[in-house]
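The next block holds one structure in the form of structure tokens; read it before the comments.
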Amino acid sequence: MKYCLWLIGVGLAQYASAQAWPTKPTRIVSTFAVGSAADTAIRATSQKVSESVGQPLVVEVIAGAGGMLGGATVARALPDGHTLLFSELMANSIVGWVHKNPSYDPVRDFTPISHLFEGLLSLVASNNTPFTNMKEIIEYARANPGKLAYGSNGVGAQNHLQMELIKQLLNLDITHIPYKGGTGAVPDVIAGQIPLLFVAYGTALINQRAGKLKVIGLVEARRRPELPDIPAIGEDISGFEKIPAAIILFGPAKMPDPLANRIHAEMAKAIALPDIRERLKQINFNAPVSTPGQVTELRRRVMEIMPRAIKAAGIQPE
């Protein structure tokens, strides 16, 4: 009986704590560069949440070491909801495979709160290539092993691992050319210095409309209903598996469920506002706004994919 009363007391205390949040400014540690699409999305959304809850939500960019510096900052914080992490799920999950001594555990040290956004990734080709679809790229790569190259936004990035999984699946020999950031490689594909590049669909669309490059397709298993005229590269790849491009809001470990649910609800309410939905549409962002439980399942899937992707890419921990 005493144990039951204690559990009830703990539950009531957690509920009260959730209802009280925030009691001071909330720090959102972001691993995305200032001015990026993700940065734009979280700042616009945070402003709406600030207006709703009566306390500032301050976005602070800590983007070094592939997001690990930002992750470590939040992993050490109190689980009271006043320090949160805004990060790509894959980047947060990969640390154990690319670093010998990571400063945090991607599962043990964080509380999933919400899958807020998802950017659309596309594969583009230089205008001086003959390719118009993924099937033609695959046929060329098979007939000319080692003569085709693709650019990505860095070793271990989603774009890199996604193509390495495709290469492994189809037994293709395509050279990887890593860049520091996907947009930095755009001028090279426009100039014809590299034939293929993975880049955000918004960037690809602007340059395709200007006649500077060709969009081969979205990095999806099937066409997105909102973009029925844009091919999915998975249409030409039997067994294609997409690495989720999920942008997640995390809290430190041991955050009470009622508090995580409260923060999720405030974010979901803000993202549902018409002006925020329109802003996200302008930057080609989807907003799944999945619950903490759904994020936990999505993270489980990513953690299953990562070992295969890392092996395919031949990445060794540093």
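Every number here is computed from the coordinates shown, using simple stated rules; none is lab data. Everything quoted here is computed from the prediction, not taken from an experiment. As a convention, Cβ positions derive from the backbone with ideal geometry for all residues, glycine included, and neighbour counts pool all protein chains shown.
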Given R₀ = 41 Å, FRET efficiency for residue 60-residue 108 by Cβ-Cβ distance, to 0.05?
0.95
Using per-residue counts of other Cβ atoms within 10 Å, averaged over each peptide, order 296-306, 153-163 from highest down.
153-163, 296-306
Enumerate the calculated ³J(HN,Hα) couplings along the range 37-49 in order (Karplus 6.51 cos²θ - 1.76 cosθ + 1.60, θ = phi - 60°), each rounded to whole Hz, writing x wherever the residue is Gly or Pro.
4, 5, 4, 4, 5, 6, 5, 5, 5, 4, 4, 5, 5
For 211-223, 103-115, ranked highest to lowest by mean beta-carbon neighbours within 10 Å, the order is 103-115, 211-223
In a Gaussian network model of the chain with springs linking alpha carbons closer than 10 Å, the residue among 85, 196, 205 that fluctuates most is 205
What relative contact order, as a whole-number percentage, does the chain give when Cα pairs under 8 Å and 6 or more residues apart are counted?
27 percent
Rounded to whole Hz, the Karplus (6.51, -1.76, 1.60) HN-Hα couplings of the range 285-295, x for glycine and proline
10, 8, 9, x, 6, 6, 6, x, x, 5, 5
What ³J(HN,Hα) values, in whole Hz, does the Karplus curve 6.51 cos²θ - 1.76 cosθ + 1.60 give for the range 148-154 when θ = phi - 60°, with x put for Gly and Pro?
10, 9, 9, x, 9, 8, x
Selected from 199, 160, 145, residue furthest toward positive end of dipole (the range 121-236; charges at beta carbon)
199
Compute the acute angle (0 to 90°) between the alpha-carbon long axis of helix 257-271 and the principal axis of greatest extent of the alpha-carbon atoms of the chain; round to the nearest 10°.
60 degrees
For residue 246, other-chain or 5+-apart residues with amide H closer than 5 Å (H placed, Pro excluded) are 89, 90
Expressed in nanometres to one decimal, the distance between label points 7 Å along Cα→Cβ at residue 43 and residue 301 is 3.1 nm
Rg over Rh [alpha-carbon atoms, Kirkwood Rh] for the range 121-236
0.92
Per-pair calculated FRET efficiency, R0 = 35 Å: residue 224 and residue 254 via Cβ, rounded to 0.05
0.40
Tell me the angle of helix 158-170 to the major Cα principal axis of the chain, expressed in degrees between 0 and 90 and rounded to the nearest ten.
50 degrees
Only helices counted: for the chain, with every DSSP H run of 4 or more residues adding -39500 (n - 2.57) and the sum spread over all residues, [θ] at 222 nm is -13000 deg cm²/dmol
Ranked packing of 131-139, 250-258, most packed first, by mean Cβ within 10 Å
250-258, 131-139
